[in-house]
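What follows draws every value from the coordinates through simple rules; no lab data is involved. Predicted model only: the values in this text are computed from it and were never measured. Neighbour counts run over all protein chains shown; Cβ positions are idealised from the backbone, glycine included.
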Amino acid sequence: MRKGGGTCCSPRSRVPLKQLAPNCAHDGDALWRKAYPVKRSWLIGGLVAFVIALTAGLALLYNLPLDLRDRSPIQPIAFSHKKHAGENGMSCLFCHRAAPKSAIAGIPAVADCRACHLFISRDAPEIKKLMEYWDDQQPVPWVRVYGVPDHVYFPHMMHLRAGIDCAACHGEVAAMERIIRSVEIEMGWCLKCHKQNKASIDCWACHK
């Protein structure tokens, strides 16, 4: 008992609690809890708010479009998939030759297009544009229609090996005069397809 009637840790003591911590830490904790009470309802409310925010964030990721670009951009050359793939029956892989063995499908070089059109529709206005790119030794600056963020891994070769048809992701391209992104590429859409085809839904399957 100290002079003044209080214990070393009582509010009546004039000695700072920091100096008395080695001898009466337990009493200091009790005083702190008494001075700054934390209500259980606050903790529960904070936990509920966190769960709601987490759920909303996951739902947003699940439904957020992965590609926000123009769905049908104007191209430097009016290439008709309807003419090539539809009326002429050309296979997708005739031009997009890298798809069976690469993550990307690839776009034919100007030389590949020129090889055909040296003999086909050579005087057509769009073919003349093509030949100008050849003469200038420049690639055609095609505007990309399909794409995913850098954190998403989409390998064309694995989907083709699994027997997935090109139209499953790209729509009926053979009926399109100008290519259009006909599907809404979302995480939920991809997961639905994986479940239907009994493919892996592990995070690492698509996020490298």
Backbone HN-Hα couplings from phi across the stretch 194-208 [Karplus 6.51/-1.76/1.60, Hz, Gly and Pro as x]: 4, 5, 5, 9, 6, 8, 5, 10, 5, 3, 6, 5, 10, 10, 8
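What FRET efficiency comes out for the pair V143/A53, r = Cβ-Cβ distance, R0 = 35 Å, nearest 0.05? Write down the numbers at each step before the final one.
On the way: r = 38 Å, r/R0 = 1.08.
For V143 and A53, the calculated efficiency is 0.40.
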Backbone HN-Hα couplings from phi across the stretch 161-168 [Karplus 6.51/-1.76/1.60, Hz, Gly and Pro as x]: 5, 7, x, 6, 6, 4, 5, 4
Rg and Dmax [Cα atoms of the stretch 97-208; Å; Rg one decimal, Dmax integer]: 17.4, 52
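Rounded to the nearest 0.05, what FRET efficiency do E177 and M157 have when you use their Cβ-Cβ distance and R0 = 30 Å? Display every interim value, and only then the final one.
On the way: r = 29 Å, r/R0 = 0.96.
The value I calculate is 0.55.
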